[in-house]
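Worksheet: one structure, shown below.
Since every read-out is calculated from the coordinates, none of them should be taken as a lab result. None of these values were measured; they are calculated from a predicted model. Ideal geometry is used to build each Cβ from the backbone, glycine not excepted, and the neighbour counts take in all protein chains shown.
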Amino acid sequence: MNLTKALANQQLQSERQAVTIERMRIARELHDAVAHHLLSRGQTGDSFTSKN
């Protein structure tokens, strides 16, 4: 029984790690895409400051 629980726990940890890795990959891709889009439009940090 202990072996079964250990294997189930290991499987759960592996699945959680896979989800975390996938989320990080998606976040990197999204960050890169947004940065590329903004830079291609010439919108750097200075473009976002308020000009009142």
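Of the residues Met24, Met1, the one with the fewest other Cβ atoms within 10 Å heads the list, and the complete ranking is Met1, Met24.
If the segment from His31 to Ala6 were pulled out straight at 0.36 nm per residue, it would be longer than the present Cα-Cα gap by 5.3 nm.
Here the label points at Glu15 and Leu38, each 7 Å from Cα along the C-beta direction, are separated by 3.7 nm in the simple model. Gyration tensor over the Cα atoms of the stretch 1-44: the corresponding equivalent ellipsoid has semi-axes (square roots of 5 times the eigenvalues, largest first) of 42, 5, 4 Å.
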